[in-house]
Amino acid sequence: MENKGLTKVDLIFEKIDSKEVMVKAFGMSSAEIIQSILDSGLKGRGGAGFPTGLKWKYTAAEKNPDKYIVCNADEGEPGTFKDREILDRVSNKVHGGMAIAGKAIGAKKGIVYLRGEYRYLLPKLMIELDSFHKMIKEIGFDFSVEYRMGSGAYICGEESALFESIEGKRGEPRNKPPYPTSVGVFDKPTSINNVETLVTAMMIIQHGAKNFIQYGTKDSRGSKVFSISGDTPTPGIFELELGMSVQQFVNEFGDGDTKAVQVGGASGFCVPRKKFAETIIGFEGVPTGGSMKLFNSSRSMYNVLHNYLDFFTEESCGQCTPCRVGCQQLLKGVEKVKKGEAKSTYLNELVKLADSMKIAAKCGLGQSVGNAFKSIVGNFKEEIIY
Amino acid sequence: MINLFINEQKVSVTEGTTVLAAAKKLKINIPTLCNHDDLCVAGNCRVCLVEQKGARTLIASCATPASDGMEIHTNTLKVRNARKHIVELLLSEHRSDCTKCYKNQNCELQSLANDYAFGDHVFLDLVEGRNYNIDRSSPSFIKDDSKCIRCQRCVRTCSELQYISAIAVANKGAHQKISSFHDRPMSQVVCTNCGQCVNRCPTGALVEKTYIDQVWDAIYDPDKHVVVQTAPAVRVALGEDLGYDPGERVTGKMVNALRQLGFNSVLDTDFSADLTIMEEGTELLVRLKKAMVDGNKDISLPMFTSCSPGWIKFVEHKYPEFLPNLSTCKSPQQMFGALAKTFYARKRNIDPSKIVSVSIMPCTAKKFEADRPEMRSSGFKDVDFVLTTRELAVMIKQAGIDFRNIEEANYDSIMGASTGAAVIFGATGGVMEAALRTAYEIVTGREVPFGNLNITPVRGMDGVKEATIKLEGCTDAWKFLEGAELKVAIAHGLVNANKIMKMIREGKAPYHFVEIMACPGGCIGGGGQPIPTNLEIRKKRMKAIYSEDEHKVLRKSHENPDVIAIYKEFLDQPNSHKSHELLHTHYVERDNY
C-alpha cells in the first residue's frame, strides 16, 4: 500500500474565478468533461466512493432529454460538517460544479437537497444563487438550480430516499436496480453527487486531471476535506491529501492519548491504536466521507458503540427487516451483555447478525451498521463485556 | 428474451420479469412475505433474498428484474443463514401467541417460522414492554400492532387498490408503525371498512371483528328465532376455506350446513337483491322521467348504486357533494333485515323482538353498515350480526360438519326464492346487468337484446367498463324514452371508482347509471372472503357466479315469485310509501381524513 504521509492541501477552498472555469467547461464537449473526470480517478466524496466520471457517463448515455443533477447536501453522518463549511465559504463552486455536471450529462435542472439543520445558510445561499443564475445567463448556458430542504432524517442522505423526499414522499430507499442514473428524481435520469464531489470536479476542470492525480494514491486520488472532532486539540475542517496512515493522522491531530479513531462516522470503521500504523485512510484501507472522530483513553468504547447503535435504531427508516429489527437487537443485545444478563458469547451471535445485516439490508444504512459494530466489538471486547 | 441461470438451470424470460418469477418458471420456490400479486413491489421484508454471482450483497428476488447472464443461487448457506435471521427478527417483534390467534394456521409468518425458524430463537423478545395499540374501534375489523411485521401490504392496498390511504407508515426506526391520521382510532378516520387490508395481511395484525360467539349464543337461546341470509358471493368462495379449490359452487351444501348449525330459517340475500332491482330500477326510471319529461333540474344524475357499504362510505368521505346521486335504496342485506323483523315476523307470526337476524357476507363493511343508526327501520336493529364467509367456515368446522360429504339442500320459503339476476350481484357488473334485464323489459316490454340475457359488455375484470343501450319500441307509459341511449358505467375497486368520480366531477362523463363496488372484482373479492386472494382466484369465483346464473330457471328479478308476492301482500309497489319506510335510506357527509 502506498503511504503518502500527511500533507495539507488547499484546493476546495481556493479562491477562483468560477465564471472562467465554467466558460472553460462549456467550451468542452460533454464527452471531454466526462473523460477528464474519469482520468482524474475522482471517487464520490460522500463516503460510498462511486467513480464520479462513471456516474456522469451512465447518466449522459440515457436517452431521456429530461435529466437532473442533484447535489446531496444532506450531510448527516455523525461527525461530518465539511459540506456546511464548503456551502458557507465557496457555494459559487458548488453551483458551478453542478452546471459543469449539467453540461456533462445533459441536464438543465439542478436541485440542492439541503440538510434541514442548515436552513440558516439559506439567505446567504440564495444571494449566491442569484449571482450564479445571472452569471450563467451571461455565459449563455441553459441551467438553473433550486434548493429543497430536508427535515432532519439521516436516511434522506441515501440517494433514493433523498429523491423520495424531494418528491414529497416519505424518505425511504427505493429498490435498485433501477439506479438513479436511469431512474432518479421524478423518475428521470439523475446524477446525484456530494457537495464536495461537485466542487472537486470543478477544480479538476480548472487544473486538469493530470495535476489532480499527482495527489493521493492509485485507489484514492486527490485530496479531501476532513471533519475532525473528538479528543483533539485542533478540531475543525482540514483538507488533506489522501493516502496517509491513521498513525500519521493521529500524530498530527491526536492529544497524545488516542486509543481509537472512528473513521467515516457511525457507518464507518473503528481503528484501534494497534492498527494505526498499518491502516491507510482511503479506499484501499478505511474510506471516509470526511468524519474523523478521535477517542482517548478516558472514553468507554461501550458508550461509543451504544451511542452509534442508539443512533441507527432511531434513524433506520424502518422499512426493511434486517435494519429495523436488527439495530434494535444489536442495541438491546449489548445492553444485556453489559448488564451481565446475557453471556459474553452472545456477542458472537450479534456479530453473525451484523454480518447478515451487511448482505441483507435494503440500503447502505442497514448494510453499514455492522462496520462500527464489528470493529468496536472486535477490538474492544473487554470494554463491551465488563 | 433474457437468459439467466438459477441454481445452474437455464431459463429464458421476457424483459422486466423478476428473479422471483423466473425461479417460479423453473418450479423453484422462493419464500416471500411482503410480496403480493395484487400490489406493487416493496422489497422490504427481505425474506426472498437470493445470491447473485458477483454481487456484493444478497438481492431481493421479488424486486430485482432478471438480466442477461445472471447467475442466481436460491439455497446457499449464505442465503439460508440470512433468511433464518430475518424470520427470527420478524418473530422477535411479533406477538407470537399463535394458539390464541384468529389467524392460527392461516398465517404466512407462522408458516415461514415453521420452515425456517423452528427450535430455539437467538434474539430478544421486543414485544414485551412496548405499549402496543390494539384498535377495536371499528365494528368491522381489529388492528393489532403487536402482530404487525411492517410489510406494508395493508398500506399499499389502501392506497393502490382503494385510493384512500386511511393507513400509512408513521415514524421511523424502532418506532415505525402503520398508523392512521394523527393516530386516531380507525372508526374516526377515512377508512371505508372494506377489509381489503384484512384480506392481504399476512399475520393476525388485521382481522375482522368476529361475532361467532354472539351468534352461537343466539342459536342456543330457546327464546330466539334466528334467521340467516346468505349473500350471493359467499356460495362461490366458502368452499375455499373448507377444502375445495377456488371456483367451486357450494350453495346447496352451505344451506344444509347452516340448517345443521341450528339457524331456524335459512334464507337468501338473493331475494332482497331481486327486490333491490325492483326498487332501484324504478328509482332510476323515475329520476330519468323527472329529468327528461318534467325538466326537473334538481334531479341528480347519474344515479349510483348503493349496494356496497364501502363505496357508500367512500362517497360520504371523499365526494359528499354527490350524496344525492346515490340511490336511496338500502343494500340487499339491509332490505332483508328490515323485512325479517316486519314482513317475515308477521307471516310466521313471531314477535319481532325475538328474531335475531344474521347475515353471512363476503364483506367486512357490512358489519359497519348493520351498525349504522339509519338501519333500524323495523323498530329494531334490522341486522343483528354480520359474519364473513371466513367466520361461517369457522362455525362449520366448530360444529364438526363434514362439509364435503353432506347433502345439498334448498333455501326456506317466504324470502328464500331468487333469480340468476340476483346471484350475479356478487360480481362486478352484476347489479348493472340485473338492473338492465328488468328495466329494459319494463320500458320496452321485451327482453334485453343480448344472447341468452348475458349482457357481456358489463362483465369482466376491467377496472372501468362502459356500455350504451338504445331504448327502442318503448311502451306507451315510457314513450318519452323512445330512442334514448342509456349510458352506463361500472367500476370496482375504489381506485377505479375514483377515476369515474373524477370524470363526473369534471363534467366529462355523460352517464345515467353507474354501478360501483368497493372491492376488486366486486363482492367475490370482498374483504370477508377466504384468504388468500389474487386475480386468478377472483376470476374463478366470478366464473362460478355466472355459471350459477346460467343454471337458474328464473333469471330476471321481476320474475322472482317471492318478490311478486311481497309487493302484493305487503309493499304494494316499488317505491311505495311502505318501501320508502323500510327499504330506503339516507347518507351523511363525513370528514376526508
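A few remarks follow.
- Answer residue from the range B:243-273, given it is aromatic (F, W, Y) and within 21 Å of the chain's Cα centre (by Cα) and is surrounded by the fewest Cβ atoms within 10 Å (Cβ to Cβ) among those: B:Y244
- Enumeration of residues in the range A:157-202 that are more than 18 Å from the chain's Cα centre (by Cα) and among the hydrophobic types (A, V, I, L, M, F, W, C): A:I166, A:V183, A:V185, A:F186
- Some residue of the range B:80-88 being facing chain A (nearest Cβ under 9 Å) and more than 18 Å from A:C320 (Cα to Cα): no
- In the range B:443-452, the count of residues that are under 28 Å from B:K318 (Cα atoms), within 31 Å of the chain's Cα centre (by Cα) and not assigned by TED's automatic domain parsing to the domain that holds B:R249 is zero.
- The one condition in (1) in contact with a Pro (Cβ under 9 Å, 6 or more places away or on another chain); (2) under 29 Å from B:M501 (Cβ atoms) that B:T585 fails to fulfil: (1)
- Flag for A:L114 being within 22 Å of A:L11 (Cβ to Cβ) and buried (at least 21 other Cβ atoms within 10 Å of the Cβ): no
- For the range B:465-477, the candidate set comprises residues that are surrounded by 15 or more Cβ atoms within 10 Å (Cβ to Cβ) and within 36 Å of the chain's Cα centre (by Cα); within that set, the residue that is farthest from B:L535 (Cα to Cα) is B:L471.
- Among the residues listed as A:V271, A:V304, A:V246, A:V286, the single one being within 18 Å of A:V377 (Cβ to Cβ), away from chain B (no Cβ under 14 Å), among the aliphatic types (A, V, I, L, M) and touching a Phe, Trp or Tyr at 6+ places or on another chain (Cβ under 6 Å): A:V286
- Only one of the listed residues (A:S151, A:S165) is crowded, with 24+ Cβ neighbours inside 10 Å and within 13 Å of chain B (Cβ to nearest Cβ). That residue is A:S165.
- Any chance A:F269 is in contact with a strand residue (DSSP E or B) (Cβ under 9 Å, 6 or more places away or on another chain) and modelled with pLDDT of 95 or more: yes
- Taken over the range B:315-329, the criterion of being surrounded by fewer than 22 Cβ atoms within 10 Å (Cβ to Cβ), assigned to a helix (DSSP H, G or I) and of a type outside the set (S, T, N, Q) is satisfied by B:E316, B:H317, B:K318, B:P320, B:E321, B:F322, B:L323, B:P324.
- Among the residues of the range A:26-48, those identified as touching a strand residue (DSSP E or B) at 6+ places or on another chain (Cβ under 8 Å) and at pLDDT 95 or above are A:L38, A:S40, A:G41, A:L42, A:K43, A:G44, A:R45.
- Test: residue in the range A:134-144 that is touching a residue at least 60 places away in the same chain (Cβ under 8 Å), crowded, with 19+ Cβ neighbours inside 10 Å and in the same structural domain as A:N72 (by TED's automatic domain parsing): yes
- A single entry from B:L58, B:L39 fulfils the requirement of being under 21 Å from A:S356 (Cβ atoms), touching a Lys or Arg at 6+ places or on another chain (Cβ under 8 Å) and buried (at least 18 other Cβ atoms within 10 Å of the Cβ): B:L58.
- For the range B:161-197, a residue qualifies if it is under 16 Å from the mean Cα position of the chain (by Cα) and not hydroxyl-bearing (S, T, Y), and the qualifying residues are B:L161, B:Q162, B:I164, B:C191, B:N193, B:C194, B:G195, B:Q196, B:C197.
- Unique residue being surrounded by fewer than 24 Cβ atoms within 10 Å (Cβ to Cβ) and either part of a loop (DSSP other than H, G, I, E, B) or aliphatic (A, V, I, L, M) (or both) when the list is B:I312, B:I299: B:I299
- Residue tally, condition at the interface with another protein chain (Cβ under 9 Å from one of its Cβ atoms), under 30 Å from B:A60 (Cα atoms) and among the aliphatic types (A, V, I, L, M), over the range A:307-349: 2
- Within the range B:482-509, tally of residues that are of a type in the set (D, E) and part of a loop (DSSP other than H, G, I, E, B): 2
- Look at the range B:118-129: where a residue is within 11 Å of chain A (Cβ to nearest Cβ) and a partner is surrounded by 16 or more Cβ atoms within 10 Å (Cβ to Cβ) and in a loop (DSSP other than H, G, I, E, B), sitting 6+ places away or on another chain with Cβ atoms under 7 Å, you get B:L126/B:E93.
- The set of residues in the range B:63-75 being farther than 17 Å from B:T14 by Cβ and within 11 Å of chain A (Cβ to nearest Cβ) consists of B:A63 alone.
- Among the candidates A:K358, A:K362, residue that is part of a loop (DSSP other than H, G, I, E, B), at the interface with another protein chain (Cβ under 9 Å from one of its Cβ atoms) and under 25 Å from the mean Cα position of the chain (by Cα): A:K362
- Residue that is nearest to the other protein chains (Cβ to nearest Cβ), among those in the range A:366-384 that are within 16 Å of A:Q329 (Cα to Cα) and among the aliphatic types (A, V, I, L, M): A:V369
- Filter pass, B:K147 being touching a Leu at 6+ places or on another chain (Cβ under 9 Å), away from every other protein chain (no Cβ under 14 Å) and free of Cβ contacts under 8 Å to residues at least 60 places away in the same chain: yes
- Any hit, the range B:168-183, residues being modelled with pLDDT of 95 or more, touching a Gly at 6+ places or on another chain (Cβ under 8 Å) and more than 14 Å from chain A (Cβ to nearest Cβ): no
- Residue count for the range B:1-48 under the criterion of being β-branched (V, I, T), in a loop (DSSP other than H, G, I, E, B) and within 26 Å of B:L89 (Cβ to Cβ): the result is 5.
- When we screen B:R376, B:R372 for residues that are over 22 Å from the mean Cα position of the chain (by Cα) and closer than 22 Å to B:S137 by Cα, the only hit is B:R376.
Condition check ((1) surrounded by 21 or more Cβ atoms within 10 Å (Cβ to Cβ); (2) more than 18 Å from A:I12 (Cβ to Cβ); (3) touching a residue at least 40 places away in the same chain (Cβ under 8 Å)) across all residues:
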residue	(1), (2), (3)
A:P233	no, yes, no
A:E252	no, yes, yes
A:G264	yes, yes, yes
A:C270	yes, yes, yes
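- Annotation: B:S67 fulfils all but one of (1) touching an Asp or Glu at 6+ places or on another chain (Cβ under 6 Å); (2) closer than 23 Å to B:A21 by Cα; (3) assigned to a loop (DSSP other than H, G, I, E, B); the unmet one is (1).
The values are calculated or read from the model by the stated rules, or taken from the named source; none is laboratory data. Predicted, not measured: the structure shown is a model, and the values here were computed from it. FYI the Cβ positions are ideal-geometry reconstructions off the backbone, even for glycines, and counts take in every protein chain you see.
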